[in-house]
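These notes are about the structure you will find just below.
The values are calculated or read from the model by the stated rules, or taken from the named source; none is laboratory data. As the structure is a prediction and not an experimental result, all values here were calculated from the model. Note that each Cβ is placed from the backbone with ideal geometry, even for glycine, and that neighbours are counted across all protein chains shown.
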Amino acid sequence: MTITCQSSFQNNNDGAKPEGCGCLYLVATPIGNLEDMTYRAVRTLKECDIIAAEDTRQTRKLLSHFEITPSMLFSYHEHNKAASGPELIRYIIEGKNLALVSDAGLPAISDPGADLVALAVSHQIPVIPIPGANAALSALIASGLPTASFTFIGFLPRERKDIRAALAPLRSAQGTLLFYESPHRVAKTLVHLQEAFGNRRVTLARELTKRYEEFLRGTIEECCVWLEEHPPLGEYVIVLEGESKEEAELAESSWWRELSIEAHVAHYEASGLPRKDAMKKAASDRGLAKRDIYNALLERE
Ligand code: SAM
């Protein structure tokens, strides 16, 4: 690994920036309310040589609202990124300044922007963020759930087994969890979350910054009932409470739950206890009599 240092505003790009090369600007756009467009975003989009957009039709509407006339508007999305990415990088190396925008919010969050950034970084191209609206962080700060530590998950996979596999390692995450979801899947996703995490507190943030912005705060069960009576509409961020102290203590004190009695006793034996004491400890963990453990082991022999 070679260390590189990019100073965005001092033009001392570690000497590694290719001569005459342009910059990649990551420009945030509103997630609903056009007043969330920043002055700097407008200026950057006006000054850039090329704008690359996830959905050029959508971006044209935004540009026309802010009276921005792009010299070149390029399409860059999941299905053309393999061809479009290197082409965009070539333009930047030739000296063009390129602004990347997504449909809404910060580019490179739950869209292929991160791939373009990685490509730019690998070519020593300066990457300059132009911050602004973001759905996940807006939902988090208004959720009422802890903000000191959080994990952004984004969209879950589609298949049940993949969802389970994605959620299992998050069970013991103590920070708040942030998910993106569409209205068609939000109720089902809550069911998966309840299966994986139990009936934790959750905030559903809907239509952020828009006319029908709404925060639904309750337990997962309460939110499921609400959604049965109020069919989901609009875009959602699901903000889920992390593992509580009580849950962590319970998990710690019942680490053996997944083990068979045999494996439980073997665990203590492996830690150096004589078999008799290992059986005693396993019995005490499980709230059983030592005889029950003995009988269970006999049955297996
Ligand atoms: N790049 C965006 C950002 O910075 O937040 C996220 C784009 S991601 C492809 C789209 C998802 O973000 C939606 O499915 C929804 O979960 C969430 N989202 C976007 N706008 C939203 C809004 N106004 N209210 C609630 N969620 C929103």
From the options 248, 263, 278, residue that is in contact (Cβ under 8 Å) with a residue 24 or more places away in the chain and in a helix (DSSP H, G or I) = 248
Quickly run through segment 92-107 and pick out the residues that are over 16 Å from residue 44 (Cβ atoms) and away from the ligand (no atom under 11 Å from the Cβ).
-> 93, 94, 95
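Sort out which residues of segment 49-91 are of a type in the set (Asp, Glu), at negative phi and more than 16 Å from the ligand (Cβ to nearest atom), and write them in order of number.
Across segment 49-91, the qualifying residues are 49, 87.
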Among the numbered criteria (1) under 29 Å from residue 33 (Cα atoms); (2) away from the ligand (no atom under 11 Å from the Cβ); (3) under 16 Å from the mean Cα position of the chain (by Cα), which single criterion is violated by residue 146?
-> (3)
Pull up segment 232-270, narrow it to residues that are among the small types (Gly, Ala, Ser) and closer than 21 Å to residue 187 by Cα, then point me to the one that is nearest to the chain's Cα centre (by Cα).
-> 242
Would segment 162-180 turn up any residue that is surrounded by 16 or more Cβ atoms within 10 Å (Cβ to Cβ) and over 30 Å from residue 249 (Cβ atoms)?
-> yes
Number of the exception - residue 211 against (1) under 30 Å from residue 27 (Cβ atoms); (2) within 15 Å of the ligand (Cβ to nearest atom); (3) touching a residue at least 12 places away in the same chain (Cβ under 8 Å); (4) in the same structural domain as residue 229 (by TED's automatic domain parsing) = (3)
Among (1) surrounded by fewer than 21 Cβ atoms within 10 Å (Cβ to Cβ); (2) more than 14 Å from the ligand (Cβ to nearest atom), residue 117 falls short only on (2)
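Give the residue, chosen from 122, 110, 138, that is over 20 Å from residue 192 (Cα atoms), out of contact with any helix residue (DSSP H, G or I) (no Cβ under 7 Å at 6 or more places or on another chain) and away from the ligand (no atom under 14 Å from the Cβ). Please lay out each step first, then the result.
Numbers: 110 fails: away from the ligand (no atom under 14 Å from the Cβ); 138 fails: away from the ligand (no atom under 14 Å from the Cβ).
After ruling out the rest, the residue left standing is 122.
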Within segment 126-143, considering residues that are out of contact with any Cys (no Cβ under 6 Å at 6 or more places or on another chain) and in a loop (DSSP other than H, G, I, E, B), the one surrounded by the fewest Cβ atoms within 10 Å (Cβ to Cβ) = 131
When you look at residue 144, is it modelled with pLDDT of 95 or more and closer than 30 Å to residue 62 by Cα, yes or no?
-> no
Output the residues belonging to segment 144-190 that are touching a Leu at 6+ places or on another chain (Cβ under 9 Å), within 21 Å of residue 207 (Cβ to Cβ) and either of a type in the set (A, V, I, L, M) or part of a helix (DSSP H, G or I) (or both).
-> 145, 153, 156, 177, 178, 186, 187, 189, 190
Given 118, 133, 165, 82, which one is over 15 Å from residue 50 (Cα atoms) and in contact (Cβ under 8 Å) with a residue 12 or more places away in the chain?
-> 133
